[in-house]
Amino acid sequence: MSTHIAAKEGQIAECVLLPGDPLRAKFIAENFLENAECYNQVRGMYGYTGTYKGKRVSVQGTGMGQPSISIYVNELFQFYGVQKAIRIGTCGAVDEKVKIGEVILAMSACTDSCMLNQRFGSLHYAPTADFGLLKSAYDNAQKLNISTMVGSVASSDLFYDENNNWKLWKSYGVKGIEMESAELFTLAAKFNRKALAILTVSDNIVTGEASSAEERQKTFTNMMKIALETAVEN
Ligand code: HPA
């Protein structure tokens, strides 16, 4: 039991999938895992453990934004011995050619957050995904015939960003804007664990296009297949 997670020792698997939305965690447990048991309901941030292809996998909601994911990932790494953490979320694309529903595998995550400054002062740390998980996710996507883009994303503290910082990120090759991966990758490095973020494009920031409920469902399934195959393989 930790401050925000009510699980007992041993109730959480070594590999945890991390959706931002706790109801997504519930949906995944009910639709993709076998024998799933809920281990956390504190603050409605559901966490479940079940099996996929016979291997234990957990799925834990993280909430939105880096301070929120930081709390859950810190506790998973420090108190529950979690070794692999795979964020499954959405992002906004910054290239008008990128379609809703495309899957981005985040190799690295820039950020505008001062969370990194608090740790590193004037030094600029580069939050990076685990290469093994990234390669495995890429290979699994290919096997499943799901196309992916691999590259950097930016984890912003501002969903409603009046400065349009995405334009600068875009000019340096960033593929999508979301709000959590930089802190996840940084904590994985700190605790010597493995992390990856698999992101579905839910909206295009340039064109204003947003996904329909039907698109969200279909593309979500693609992301889940990649994430679960990767979770049980590593
Ligand atoms: N900005 C930040 N986070 C997001 C977005 C966005 O446009 N889309 C999905 N997550």
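The values are calculated or read from the model by the stated rules, or taken from the named source; none is laboratory data. Note that this is a predicted model, so its numbers are computed, not measured. All Cβ positions, glycine included, derive from the backbone under ideal geometry; neighbour counts span all protein chains shown. Quick note on the areas: whole protein, heavy atoms, side chains included, nothing else; ligands and nucleic acids left out. Shrake-Rupley method; radii C 1.70, N 1.55, O 1.52, S 1.80 Å.
Does the chain come out rounded, prolate or oblate by the C-alpha gyration tensor, with a ≥ b ≥ c the root eigenvalues, rounded set by a/c under 1.5 and, if not, prolate when a/b is larger than b/c and oblate if not?
It comes out oblate by the Cα gyration axes.
Taken about its Cα centre, the chain carries a charge dipole of about 540 debye when Lys and Arg each add +1 at the Cβ and Asp and Glu each add -1 at the Cβ.
Remark: relative contact order (the stretch 15-233) = 28 percent; criterion is Cα-Cα distance under 8 angstrom and separation of 6 or more residues. When the Cα positions of Ala126, Tyr52, Ala29 are compared along the charge dipole of the chain, Tyr52 comes out farthest toward the positive end, with charges on each C-beta of Lys, Arg, Asp and Glu.
For the stretch 46-193, the solvent-accessible area with a 1.4 angstrom probe is 47 square angstrom per residue. Given +1 at the Cβ of Lys and Arg, -1 at the Cβ of Asp and Glu and no other charges, the dipole of the stretch 87-192 around its Cα centre is 320 debye to the nearest 20. Nonpolar atom fraction for the stretch 108-169, defined as the carbon and sulfur part of the 1.4 Å probe accessible area, stands at 56 percent. As a calculated quantity, the FRET efficiency between Glu9 and Glu96 at R0 = 35 Å, using C-beta atoms, amounts to about 0.10. A straight line joining the Cα centroids of the stretch 111-173 and the stretch 1-75 runs 22 Å. Peptide packing for 7-13, 65-71 was compared via the average number of neighbouring C-beta atoms within 10 Å per residue; ordered from the highest value, the list is 65-71, 7-13.
Expressed in nm to one decimal, what extension gain is obtained for the pair Val232 and Ala213 from 0.36 nm per residue of sequence separation less their Cα-Cα distance?
4.0 nm
The residues neighbouring Ala189, those whose beta-carbon lies less than 14 Å from its own, together hold a net charge of +3 under the Lys/Arg +1, Asp/Glu -1 convention. In this structure, Leu23 and Arg56 have a Cβ-Cβ separation that, at R0 = 30 Å, corresponds to a calculated FRET efficiency of about 0.85.
On full extension, the segment bounded by Phe79 and Ser171 gains 29.1 nm, given 0.36 nm per residue less the C-alpha separation. The trypsin sites (Lys or Arg not before Pro) of the stretch 32-61 that meet both conditions, a loop assignment by DSSP and at most 11 other Cβ atoms within 10 Å of the site Cβ, are Lys53.
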